[in-house]
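This report refers to the structure that appears directly beneath it.
The values are calculated or read from the model by the stated rules, or taken from the named source; none is laboratory data. As the structure is a computational prediction, the values presented were derived from the model and not from experiment. Glycine also receives a Cβ, built like all others from the backbone with ideal geometry; neighbour counts cover every protein chain displayed. Remember, those area values only see protein heavy atoms, side chains included, never the ligands or the DNA or RNA. Shrake-Rupley method; radii C 1.70, N 1.55, O 1.52, S 1.80 Å.
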Amino acid sequence: MRRVTRGWMLTAALGVVLTGALPGCKNGGGGDPGDAGGQGDGAANLDGSAQPDGGALPDAGPLPDGGGPGPDAGGTEIEQVCNRWAADRQDLSEGTWSGSVGSCDPGDVSANGRANALKLVNLYRWLADLPPSTTDPGRDSNAQACALMMDANNQLSHSPPANWTCYTSAGAGAAGASNIATTAGVAAVDLYMADPGNPSTIGHRRWILSNSLGAIGLGTTDSYSCMTVIGTGGSAGAAWTSWPPPGVFPHAAVQASWTSIDSTGWTVQSDSISLAGAQVSVTTSGQDRPVNVTQLLGGYGSAHAISFIPSGWTTQPDTTYTVTVTGITPTITYDVQVVSCN
């Protein structure tokens, strides 16, 4: 994993939900995974009761799925981060879907499409100093059935009824354990990380940055996708995880999707540290940067989480932000060094 300096080395994650006004999504959370739905489409959540189970993830070097430079690549941290960001985002093609809504054939997505989606998931996890995820063929197949159902009915649901066009029990099961979006699978990853329309959970992001994320399922049509995040067998063990994370952070990641994390919120999540009553200060060069703090619902990729939205300022390149979270035990403090990566 990428090595960063944290105040009180603690990180963790759990659940997610997305409701979008443009591209949409729903996530898995304390309740269900999230969905990124179209305009007017609400978000559904996974309840924290269905937390992923435990197997350990390999804490390895370069990614086996075509990711960029591994965590031990040479150069400064800025060079490593910028090189990895550029390499992993060089090819964002969605691949080719072989299925058909008309014949209720879930088909499959070509290998490059699934690999590109996984590559983005692992890029974000690497930036947050979390171990990489993999995919599971069985979950991929069920996620394909999920994506077909969403596409065939032109809507998102974590609990699709049996009378839905192209309904299958496998697809319905995956829908209840997945982040789901009204966009193809690669673009959905950036959308989940922005997580618009889910101010009470930021659930999609929290699932992707979850301790419990392991071997996920990725399924997509040309316009709908499902990412199975619950019960995937991860066990990262981070005491806390933030987004943006400590260390070097590409400015392009502030708005990799159609909306900015300055609009949806920076986040801190944990499985072991209660964030109830948390207070947040953000400073640059000793100057206070006001934020509006929200207690997020538990169980969406993490047991506890808060968001904080910049008030009267936006994240700027070539600037270091010191974040301090007080009112909790232990206090969390870390520096985010935002860089241009041009």
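Here is how the numbers come out for the structure above:
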read-out: Inter-residue pairs, beta-carbon under 8 Å, first on the phi > 0 side of the Ramachandran plot and in the range 271-284, second crowded, with 16+ Cβ neighbours inside 10 Å, 6+ apart; value: Gly277/Ile328
read-out: Filter pass, Ile328 being modelled with pLDDT of 95 or more and either assigned to a strand (DSSP E or B) or touching a helix residue (DSSP H, G or I) at 6+ places or on another chain (Cβ under 9 Å) (or both); value: no
read-out: When residues of the range 195-214 are limited to those that are among the small types (Gly, Ala, Ser) and closer than 22 Å to Gly234 by Cβ, the one surrounded by the most Cβ atoms within 10 Å (Cβ to Cβ); value: Gly203
read-out: Count - residues of the range 265-308 that are touching a helix residue (DSSP H, G or I) at 6+ places or on another chain (Cβ under 7 Å) and either aliphatic (A, V, I, L, M) or surrounded by fewer than 22 Cβ atoms within 10 Å (Cβ to Cβ) (or both); value: 1
read-out: Filter pass, Ala117 being of a type in the set (A, V, I, L, M) and crowded, with 22+ Cβ neighbours inside 10 Å; value: yes
read-out: Residue in the range 293-306 that is outside any strand (DSSP E or B), of a type in the set (Ser, Thr, Tyr) and more than 22 Å from Asn179 (Cα to Cα) present; value: no
read-out: Any chance Ala162 is aliphatic (A, V, I, L, M), part of a loop (DSSP other than H, G, I, E, B) and at pLDDT 95 or above; value: yes
read-out: Selection within the range 130-166 - small (Gly, Ala, Ser) and open to solvent by less than 30 Å² (accessible area, probe 1.4 Å); value: Ser133, Ala143, Ala145, Ala147, Ala152, Ser157
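Yes/no per residue for (1) on the phi > 0 side of the Ramachandran plot; (2) basic (Lys, Arg); (3) out of contact with any strand residue (DSSP E or B) (no Cβ under 8 Å at 6 or more places or on another chain):
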residue: Gly113; (1), (2), (3): no, no, no
residue: Arg125; (1), (2), (3): no, yes, yes
residue: Leu148; (1), (2), (3): no, no, no
residue: Ala152; (1), (2), (3): no, no, yes
residue: Pro160; (1), (2), (3): no, no, yes
residue: Asn163; (1), (2), (3): no, no, yes
residue: Thr168; (1), (2), (3): no, no, yes
